[in-house]
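Asker: After the structure tokens below, expect a handful of questions from me.
The values are calculated or read from the model by the stated rules, or taken from the named source; none is laboratory data. Note that the structure is a prediction, hence the values are computed from the model and not measured. Cβ placement follows ideal geometry from the backbone for every residue including glycine, while neighbour counts extend to all protein chains displayed.
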Number of protein chains: 2
Amino acid sequence: MNFSSKLLEKAVEEFSKLPGIGKKTALRLVLNLLKREKEDVRRFSNAIVDLREGIQYCTKCHNISDLEICQLCANPNRDDSVLCIVEDIRDVMAVENTQQFKGLYHVLGGVISPMEGVGPQHLSIDSLLRKVDNGEVNEIIFALSSTMEGDTTNFYIFKKLKNYDIKVSTIARGIAFGDELEYADEITLGRSIVNRLPYENAIKS
Amino acid sequence: MNFSSKLLEKAVEEFSKLPGIGKKTALRLVLNLLKREKEDVRRFSNAIVDLREGIQYCTKCHNISDLEICQLCANPNRDDSVLCIVEDIRDVMAVENTQQFKGLYHVLGGVISPMEGVGPQHLSIDSLLRKVDNGEVNEIIFALSSTMEGDTTNFYIFKKLKNYDIKVSTIARGIAFGDELEYADEITLGRSIVNRLPYENAIKS
């Protein structure tokens, strides 16, 4: 792309570093910002810098939070002996939306991925093991993505937990609600047969 | 969406004001920025503010430019008696990419759209008419979008040009290169028959 302005080129370049944003989309977004009031654009830009500079993480679950202990961890009605292990804040929000989980979360901050240079030391696994070691936890539920990296991370943590007397489970894999069998992939369909449920369980929720 | 942090919520809200960016995408983009170095995020934010505060438009063609007269208008090899009327900078870039146009541009800054409250007075139509009145222009080519608003704008300007002795044309509408006839819409196919070309012309370019 040939830009008629260096300032424009720079803004488009910065936008196109975002995931899933190509040069054309970046240009569209930048031109939209250009049409707005200066005050408006300054607010946009400040919101981003304020977040990056002022970001805090809950010291208990490592979720993004404005307080030292997040609202979930501080809630006395939640069962702090059950931990749901998730990758990031989006997964916390997704599980919370189901309203089916009343325990607490532990946000890893990613999954083990040698391809992207992410090892166990980059994730908040140590603090998870400390919680387990302190006897605070009775049950751990893995809710990581069903990918090679997610499974590797599950297995890594599972091995570390072997010597503790706690329940460890993963969220169920299977045919999604509303999905047709003929379009399901073989692995998912195969697993859903192996891990079939007593009919009474399946209709409970 | 329930956010665990006000700062996060604000940043996501600002991002989701951009066209085509919903809340989920906004959250993904914001989390990507969060993972970057502070320096990086400041550069992103500065690029946007710098553009908005420092933006300049070419005084001749109204295109975005860092100079008073843009590189295209300042180029002595271009024919300044032929003007291509476009909506915004993206269209200038699109036409320039074809390398088929050697005249100059006139950027309207939009199209007449009563629905969005854009009238002729919001567009740079007056300065176009001044150029024509000064006798600088021999030919005008409309290259606006093939929409109701684009056609309205074409017609509005066309009427204003009636008393001047200049050539006025619009870019050709027709079946796109590589398109199959059976998938073309009726209006386009109909027009492409009415406005058929002598075969010798069609194979020239």
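Asker: Which one is nearest to the other protein chains (Cβ to nearest Cβ), of the residues in the stretch A:88-128 that are more than 12 Å from the chain's Cα centre (by Cα) and on the phi > 0 side of the Ramachandran plot?
Answerer: Top of the filtered list is A:Gln99.
Asker: Taking the stretch B:145-178 as the search range and keeping residues that are of a type in the set (Asp, Glu) and within 24 Å of the chain's Cα centre (by Cα), which one is farthest from B:Pro120 (Cα to Cα)? Can you show your working first?
Answerer: We begin by selecting, within the stretch B:145-178, every residue of a type in the set (Asp, Glu); these are B:149, B:151, B:165.
Now restrict to residues that are within 24 Å of the chain's Cα centre (by Cα): B:149, B:151.
Working: B:Glu149: 11, B:Asp151: 13 Å.
Restricting to residues being of a type in the set (Asp, Glu) and within 24 Å of the chain's Cα centre (by Cα), the top hit is B:Asp151.
Asker: Further, regarding this structure: Across the stretch A:97-130, what is the total count of residues that are acidic (Asp, Glu) and within 13 Å of A:Tyr156 (Cα to Cα)?
Answerer: 1
Asker: Anything in the stretch A:174-184 that is loosely packed, with under 12 Cβ neighbours inside 10 Å and in a loop (DSSP other than H, G, I, E, B)? List them, or say none.
Answerer: A:Ala176, A:Phe177, A:Gly178, A:Glu180 - these are the residues of the stretch A:174-184 that are loosely packed, with under 12 Cβ neighbours inside 10 Å and in a loop (DSSP other than H, G, I, E, B).
Quick grid of which residues meet (1) more than 30 Å from B:Leu51 (Cβ to Cβ); (2) without any contact (Cβ under 8 Å) to a residue 60 or more places away in the chain; (3) surrounded by fewer than 16 Cβ atoms within 10 Å (Cβ to Cβ); (4) not assigned by TED's automatic domain parsing to the domain that holds A:Arg130:
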| residue | (1), (2), (3), (4) |
| --- | --- |
| A:Phe15 | no, yes, no, yes |
| A:Leu33 | no, yes, no, yes |
| A:Val41 | no, yes, no, yes |
| A:Asn46 | no, yes, yes, yes |
| A:His62 | yes, no, no, yes |
| A:Asp79 | yes, yes, yes, no |
| A:Val82 | yes, yes, no, no |
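Asker: Also, quick follow-up: So which residues in the stretch A:148-170 are outside any helix (DSSP H, G or I), out of contact with any strand residue (DSSP E or B) (no Cβ under 6 Å at 6 or more places or on another chain) and of a type in the set (S, T, N, Q)?
Answerer: Hit for the stretch A:148-170 is A:Asn163, nothing else.
Asker: For the stretch A:96-113, enumerate the residues that are outside any loop (DSSP other than H, G, I, E, B) and buried (at least 18 other Cβ atoms within 10 Å of the Cβ).
Answerer: Quick first cut of the stretch A:96-113, residues outside any loop (DSSP other than H, G, I, E, B) only: A:96-98, A:103-107, A:113.
Selection gives A:Gly103, A:Leu104, A:Tyr105, A:His106, A:Val107.
Asker: Give the residues of the stretch A:125-147 that are in a loop (DSSP other than H, G, I, E, B) and touching a Cys at 6+ places or on another chain (Cβ under 6 Å), sorted by residue number.
Answerer: A:Ala143
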